[in-house]
């Protein structure tokens, strides 16, 4: 269970899309294993996932979901909804209890609009209406998110809020650090944010 504790990931539901964000440090106990861990993955054209926990487990699930999303598109001629992808992931986790040591966020944009779902290692699934954070830095991130989130935020505003929350978490949580990754997903597409520009304008 200790593997679930060392990270900070964030999901924010905005009026025009969702924002997913994470820092880049990966730890093994008190040892910093890498400064360049990838914790955000693109699952489909307009769906992404953040990962916390065992890296191999998370990558395996990413491969499964990406393949299923592509197959669905070929068979049905349309993309899977964000809810369908989250439900598939929930079923996989529930059927393999305690096998995958992960805590995940799935977010994106579909015909229902923007949505973010949080999932635990037992397959528990919750649709988050505003903000969500996972990992050891989440209590610190929540302090910023809940203080500064407001209804009707744009994804550009959400990006700035996610950046502030991650910066706060990285200052106080030893298992979080070494840079930031942020994506925004709207009906226009899946976009990786240039974080250096945020630092200049912080």
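The values are calculated or read from the model by the stated rules, or taken from the named source; none is laboratory data. All values derive from a computational prediction rather than experimental measurement. Neighbour counts run over all protein chains shown; Cβ positions are idealised from the backbone, glycine included.
A few notes on this one:
- Subset of the range 126-154 (residues that are modelled with pLDDT under 95, more than 14 Å from residue 166 (Cα to Cα) and crowded, with 21+ Cβ neighbours inside 10 Å): none
- Residues (touching a strand residue (DSSP E or B) at 6+ places or on another chain (Cβ under 7 Å) and either exposed (fewer than 15 other Cβ atoms within 10 Å of the Cβ) or modelled with pLDDT of 90 or more (or both)) located in the range 25-43: 33, 34, 39, 40, 41, 42, 43
- For the range 161-185, the set of residues classified as at pLDDT 95 or above and surrounded by fewer than 19 Cβ atoms within 10 Å (Cβ to Cβ) consists of 164 only.
- Residue 58 being under 17 Å from residue 121 (Cα atoms), crowded, with 18+ Cβ neighbours inside 10 Å, touching a strand residue (DSSP E or B) at 6+ places or on another chain (Cβ under 8 Å) and modelled with pLDDT under 95: yes
- Any hit, the range 15-22, residues being within 12 Å of residue 135 (Cα to Cα), within 14 Å of the chain's Cα centre (by Cα) and at pLDDT below 95: no
- Residue satisfying all of: in the range 8-24; crowded, with 18+ Cβ neighbours inside 10 Å and out of contact with any helix residue (DSSP H, G or I) (no Cβ under 6 Å at 6 or more places or on another chain); nearest to residue 77 (Cα to Cα) among these: 18
- Cβ separations smaller than 6 Å between residues 6+ apart or across chains give no pair from the range 20-33 residues that are on the phi > 0 side of the Ramachandran plot and touching a residue at least 24 places away in the same chain (Cβ under 8 Å) to residues that are crowded, with 20+ Cβ neighbours inside 10 Å and in a strand (DSSP E or B).
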